[in-house]
Amino acid sequence: MKLRELLESKNQELILIRGIPGSGKTTYAKKHYLNYKLHEADDYRMKDGKYVFKPEESKEVYRKCFKDTKKSLEKGLNVVVTRTFLSKNSLIEYTNLAKKLGIKYKILRVTGKFKNIHEVPAEKVKNMENALKPVNGEIFV
């Protein structure tokens, strides 16, 4: 069996969950994808058990999240990733990887309105909400 056929015969899946801070991304992932490896951009912002947001570190945070997601997928794991994923461009790296590996993927958009646990200022959340662009094929949950 060729590698491509082997990959396509697997029932492996990548779930990408997007939304603004406080929309319920992590809660949704943990409730609905219990047996999936969870990768969250927020985890890479933890310093000594505290969430520390530094905008200048965002590029590196997203790089590490993607790298670890790739490793998990290559191990054959089902994976769920939570990030704001504000634009289509922020999703492309992940969707291209899934296509390359022959893995099914879904893009979910959570729209809850909860207190964001990382104390992102309301003005910043509003700006992110305005910047969150629709993506073809995304499923609202």
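Brief remarks on what is shown
- Top-ranked residue in the range 55-72 [being of a type in the set (S, T, N, Q) and modelled with pLDDT of 95 or more; ranked as surrounded by the fewest Cβ atoms within 10 Å (Cβ to Cβ)]: SER72
- For the range 31-54, a residue qualifies if it is surrounded by 15 or more Cβ atoms within 10 Å (Cβ to Cβ) and not aliphatic (A, V, I, L, M), and the qualifying residues are TYR33, TYR36, LYS37, HIS39, GLU40, ASP42, ASP43, TYR44, ARG45.
- PHE85, sole failed condition from (1) at negative phi; (2) among the aromatic types (Phe, Trp, Tyr); (3) in contact with a Leu (Cβ under 8 Å, 6 or more places away or on another chain): (1)
- Test: LYS115 is in a loop (DSSP other than H, G, I, E, B) and at pLDDT below 95: yes
- The range 73-92: number of residues that are of a type outside the set (A, V, I, L, M), under 22 Å from TYR28 (Cβ atoms) and modelled with pLDDT of 95 or more: 2
Every residue, every condition in (1) under 15 Å from PRO21 (Cα atoms); (2) of a type in the set (A, V, I, L, M, F, W, C); (3) touching a Lys or Arg at 6+ places or on another chain (Cβ under 8 Å), yes or no:
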{"site": "PRO55", "(1), (2), (3)": "yes, no, no"}
{"site": "LYS59", "(1), (2), (3)": "no, no, no"}
{"site": "LYS67", "(1), (2), (3)": "no, no, no"}
{"site": "LEU73", "(1), (2), (3)": "no, yes, no"}
{"site": "GLY76", "(1), (2), (3)": "no, no, yes"}
{"site": "VAL79", "(1), (2), (3)": "no, yes, yes"}
{"site": "PHE85", "(1), (2), (3)": "yes, yes, yes"}
{"site": "TYR94", "(1), (2), (3)": "no, no, no"}
{"site": "LYS113", "(1), (2), (3)": "yes, no, no"}
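- The number of residues in the range 41-62 that are out of contact with any helix residue (DSSP H, G or I) (no Cβ under 9 Å at 6 or more places or on another chain) and either polar (S, T, N, Q) or in a helix (DSSP H, G or I) (or both) comes to 3.
- Near pairs, Cβ below 7 angstrom, 6+ apart or cross-chain, from the range 1-26 (over 15 Å from TYR94 (Cβ atoms)) to any residue that is modelled with pLDDT of 55 or more and in a strand (DSSP E or B): GLY19/ARG109; THR26/GLU40; THR26/THR82
The values are calculated or read from the model by the stated rules, or taken from the named source; none is laboratory data. Quantities reported herein were computed from a predicted structural model and do not represent experimental measurements. In this analysis, Cβ positions are derived from the backbone assuming ideal geometry, glycine residues included, and neighbour counts consider all displayed protein chains.
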